[in-house]
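Let me begin by presenting the structure, written as structure tokens, before commenting on it.
The values are calculated or read from the model by the stated rules, or taken from the named source; none is laboratory data. Values in this document were obtained by computation on a predicted structure and should not be read as measured data. Backbone-built Cβ (ideal geometry, glycine too); neighbour counts: all protein chains shown. For accessibility, only protein heavy atoms count, side chains too; no ligands or nucleic acids. Shrake-Rupley method; radii C 1.70, N 1.55, O 1.52, S 1.80 Å.
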Amino acid sequence: MPAARGGGTGKPGPTLEQVAARAGVGRGTASRVINGSPRVSERTRAAVQAAVAELGYVPNRAARALAAGSMDAIALVVPEQENRLFAEPYFSEILRGVSTELAETDMQLLLTLIRDERGRERFRQYAAAHRVDGVLLVSVHGDDPLPDLLRDIGMPAVISGRRSHDEHVPYVDSDNLLGAQLAVEHLIGRGRRKVATVTGPLDMYAARCRLDGYHEALRAAGRPDGHLVEEGDFTEEGGHRAMRRLLEREPGLDAVFCASDVMAAGARIALREAGREVPDEVALVGFDDSAVARHMDPPLTTVRQPIEEMGRAMVRMLLGLMTGRRERAVRDTAGQHHLVLPTELVRRRSS
């Protein structure tokens, strides 16, 4: 076992060999005592513990973890740029849920951003070396191979959301389709005739589900649909651009469902620039029920998804995978774990 470090002095601390010599035992015996093995006598255990106390020896935690086959660490991986991570409340809510649930364990949390293919390969190698015990993946796009790479190396992993309907990697998701249906049904019920939508990036399954919910609600109401759709990217700037394009195509639109609160904030700016009043002339609905929704003027009607609980459920599921338990997980016919949490409409003054 490598030498322990001195406590902040910059000098190397006492080594395991020195502990063994002080106790009058071999290095292997000293190591067994320090790692809690029962295969030593009480007399030997007392001698080694006395030597540890006298020398001030601090075991190398990383080396002990490697020897035990566990690093007591989980990686939270976000394959996005920093500007999205720090600008969107979704990520902070997920992180709050993850860290709250992990606070009840001895696990450490490693936050990792993956910006490109090089970063993905670097993390795959890191995981293959078992530097972490499990991985939580957030904001995974449909063509991202990382979940499959982790599965191939035997690394337990849980995704927030899905890449497709047939996702085979364990996941925690929310009912995106029903949430979007509720939003658009609400707008139709308020008498709105020309209902548009700003989608998320359509290489993400959640965004496609929200678009499907929009179409389902219009079809159920006997409305022609499909022409008032603009793709966004879950950012405020993306919502602003998409709203401007919608207004250019259909100046008389009277309602907009945005697939995130952040995009709804961008759409609100574009509507204001065009002189359109919310909600008198254009009703506006978002998705997430983030702080953005509550602080908008007027406050935003939105679809609440339990983001913090999703983070907590991901941790519970991952710990179950790591230990062989089945904590609060549902097994599908393919033998994988999945959990879909409900969504609900929160009515405020924007619609």
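Tell me, what % of the accessible area of the stretch 129-177 is carbon and sulfur with a 1.4 angstrom probe? Roughly 49 percent, rounded to a whole number.
Direction-averaged projected area, Cα convex hull, the stretch 98-214: 9.1 nm², rounded to one decimal. In the chain, helical runs assigned H by DSSP with n ≥ 4 each contribute -39500 (n - 2.57); averaged across all residues and rounded to the nearest 500, the mean residue ellipticity at 222 nm is -13500 deg cm²/dmol. Per-residue 3J(HN,Hα) values for the stretch 16-21, derived from phi via the Karplus relation 6.51 cos²θ - 1.76 cosθ + 1.60 with θ = phi - 60°, read 5, 4, 5, 4, 4, 5 Hz in sequence order (x marks Gly and Pro). Would you kindly give the portion of the calculated P(r) for the chain that falls above 28 Å, as a percent of all Cα pairs? Value for the chain: 53 percent of Cα pairs lie more than 28 Å apart. At q = 0.11, 0.19, 0.20, 0.23 Å⁻¹, work out log10 I(q)/I(0) for the stretch 175-307 with the Debye formula, treating every Cα as an identical point scatterer and leaving solvent out; two decimals please. Once normalised to I(0) and log-transformed, intensities are -0.30, -0.98, -1.11, -1.55.
In the chain, the DSSP beta bridges split such that about 15 percent are antiparallel, to the nearest 5. Our analysis of the stretch 213-284 gives Rg over Rh at 0.96, with the two radii drawn from alpha carbon positions and Rh computed by the Kirkwood formula. FRET efficiency for Ala46 and Val346, Cβ-Cβ distance as r, R0 = 51 Å, nearest 0.05? Result of the calculation: an efficiency of 0.25.
For the stretch 125-218, the relative contact order comes to 26 percent (Cα pairs under 8 Å, sequence separation of at least 6).
Annotation for the stretch 115-158: trypsin sites (Lys or Arg not before Pro) lying in DSSP loop with at most 16 further Cβ atoms inside 10 Å of their Cβ are Arg115, Arg131. Dividing the C-alpha radius of gyration of the stretch 71-153 by 2.2 N^0.38 Å, with N its residue count, gives 1.08. Rounded to the nearest 10 degrees, the angle from helix 42-55 to the longest Cα principal axis of the chain is 70 degrees.
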